[in-house]
Amino acid sequence: MTPKNEQDLARMVAEADGPLRIMGGGTRPIGRATGAALSLAGMAGITLYEPGALTLVAKAGTPLAEVQARLAAENQRLAFEPMDHRALLGTSGEPTIGGMVAANVSGPRRITVGACRDFMLGVRFVDGAGNIIKNGGRVMKNVTGYDLVKLLCGSYGTLGVLTEVSLKVLPDVQTQATLVLDGLDDATAVAALAAAMSSPFEVTGAAHDPAAGRTMLRLEGFAASVAYRAQALAGVVAPFGSATVLDDKAASAALWAAIRDVTAFAGQQGCVWRLSVKASDAPALVAKAGARAVVYDWAGGLVWLLADGDLRTRLGDFKGHATLIRGQAHVPVFQPESAPVAALSAGLRAKFDPRGIFNPGMIG
């Protein structure tokens with residue numbers, strides 16, 4: 001099923017006599033949703049873009065690349081730098097703006113500017129009864145009422161089918177540079193990242209790639225500011241090692257795109273796990289994980305692991321979440337919820353999708 005507009009979609013949902021598997025660009029098949037495919041490819045296009053107001057509105061099926069190209073033409077960007085899952089998951093197609101919002105996809109800059117949901121202004125969606133619902137607004141000053149916007153962001157299509165999203169955008173930066181420290185072990189690297197993040201020098205990326213032996217810190221802004229901060233930040237991390245500065249904007253951007261998209265795992269067989277934890281706990285958990293490859297992002301708060309089997313069993317009782325991004329069918333995809341949280345989740349789904357037709361099997 002491929003609806004052409006919001007009314008068409010509402011009718012299809014209202015008339016559905018079984019589960020629906022909601023699809024965007026098909027680039028991030030995370031979870032195990034079942035049912036008839038409901039594609040939003042026919043509902044695409046940027047409906048409003050006001051560079052001066054830093055706002056953009058697009059239909060859910062709009063390719064992310066189209067949005068990014070439109071923003072780049074005005075020297076603007078999606079500051080949370082959404083990840084492209086295609087290399088990691090071996091998928092094709094085009095990521096969509098609706099899929100990005102549904103999965104709350106956010107990249108390395110999240111540690112500084114926030115996640116996708118922090119840039120959401122408004123949504124339109126169809127609930128499980130076929131009702132068309134609007135929440136939030138198209139500009140920042142009009143965002144009022146219950147915050148269904150953040151609720152829908154990251155719900156993986158289990159509460160409603162997004163039809164339109166309104167986003168806050170930001171100006172692009174003049175340049176960027178990356179400080180690189182070589183040869184640090186994981187614990188030392190995470191300590192260096194923490195020291196950098198505690199500094200006043202506005203680090204916008206903090207990552208560690210053990211296989212490459214590199215610990216990386218990104219600075220962005222005006223050229224003079226970046227140059228000054230790079231020198232000062234090198235002094236902050238000097239107790240951990242001597243930093244070299246990659247000050248070519250294109251080369252630095254390519255490095256962070258690879259971190260964002262976890263291209264180090266591309267083409268490798270095995271389960272891919274996404275671990276969200278307290279950064280200081282990450283090295284010890286990684287040591288228990290038995291992973292074949294690891295990439296630390298978000299100053300250690302996000303860890304990507306290539307590790308077979310049920311990682312949660314090996315980690316035991318830990319504070320955080322382990323999500324199976326790619327892997328074996330018998331292993332649960334999402335971190336099991338506590339009883340109170342599971343009850344709250346079930347209650348929300350019963351309100352928004354009383355028939356349970358949206359992406360059954362996706363979460364819980």
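Can you say whether A279 is at pLDDT 90 or above and not polar (S, T, N, Q), as far as the supplied structure shows? Taking the combined requirement at face value, the residue satisfies it. Looking across region 268-325, just one residue is within 22 Å of the chain's Cα centre (by Cα), of a type in the set (G, A, S), in a helix (DSSP H, G or I) and more than 18 Å from M216 (Cβ to Cβ), and that is S280. Across region 301-357, which residue is surrounded by the fewest Cβ atoms within 10 Å (Cβ to Cβ) among those that are among the aromatic types (F, W, Y) and closer than 20 Å to R21 by Cβ? In this case the residue turns out to be F334.
Among the residues of region 306-345, the ones that are among the β-branched types (V, I, T) and under 18 Å from Y296 (Cα atoms) come to 2 in all.
Filtering region 297-309 to residues that are of a type outside the set (A, V, I, L, M) and under 16 Å from L324 (Cα atoms) leaves W304, D308, G309. Those residues that are outside any strand (DSSP E or B) and either modelled with pLDDT under 95 or hydroxyl-bearing (S, T, Y) (or both), I need them from region 44-68; list them, please. T62, the sole residue that qualifies.
Restricting attention to region 163-220, the residues that are among the hydrophobic types (A, V, I, L, M, F, W, C), surrounded by 18 or more Cβ atoms within 10 Å (Cβ to Cβ) and under 30 Å from G122 (Cβ atoms) add up to 4.
Only one of the listed residues (A350, A266, A343) is touching a residue at least 12 places away in the same chain (Cβ under 8 Å) and of a type in the set (G, A, S). That residue is A266. Here the helices (runs of 4 or more DSSP H) wholly within region 160-266 that include at least 1 residues being within 20 Å of L302 (Cβ to Cβ) and outside the structural domain of K59 (by TED's automatic domain parsing) are 186-197, 249-261. Output the residues belonging to region 109-124 that are in contact with a strand residue (DSSP E or B) (Cβ under 9 Å, 6 or more places away or on another chain) and either closer than 13 Å to K150 by Cβ or among the polar types (S, T, N, Q) (or both). If the condition is that a residue be in contact with a strand residue (DSSP E or B) (Cβ under 9 Å, 6 or more places away or on another chain) and either closer than 13 Å to K150 by Cβ or among the polar types (S, T, N, Q) (or both), then T112, C116, D118, F119, M120, L121, G122, V123 are the ones that fit. Per this entry, T158 is not counted among residues that are touching a Phe, Trp or Tyr at 6+ places or on another chain (Cβ under 7 Å), more than 30 Å from Y49 (Cα to Cα) and polar (S, T, N, Q).
Just one of the listed residues (V226, V262, V245) is under 27 Å from L305 (Cβ atoms) and modelled with pLDDT of 95 or more, namely V262. Only one entry in A187, A254, A264, A258 is of a type in the set (A, V, I, L, M) and more than 21 Å from the chain's Cα centre (by Cα), namely A187. Give the number of residues within region 11-43 that are outside any loop (DSSP other than H, G, I, E, B) and more than 24 Å from the chain's Cα centre (by Cα). Within region 11-43, residues that are outside any loop (DSSP other than H, G, I, E, B) and more than 24 Å from the chain's Cα centre (by Cα) number 6.
The values are calculated or read from the model by the stated rules, or taken from the named source; none is laboratory data. Just so you know, these numbers come straight off a predicted model, no measurement behind them. Glycine gets a Cβ as well: all are built from the backbone with ideal geometry, and neighbour counts include every protein chain shown.
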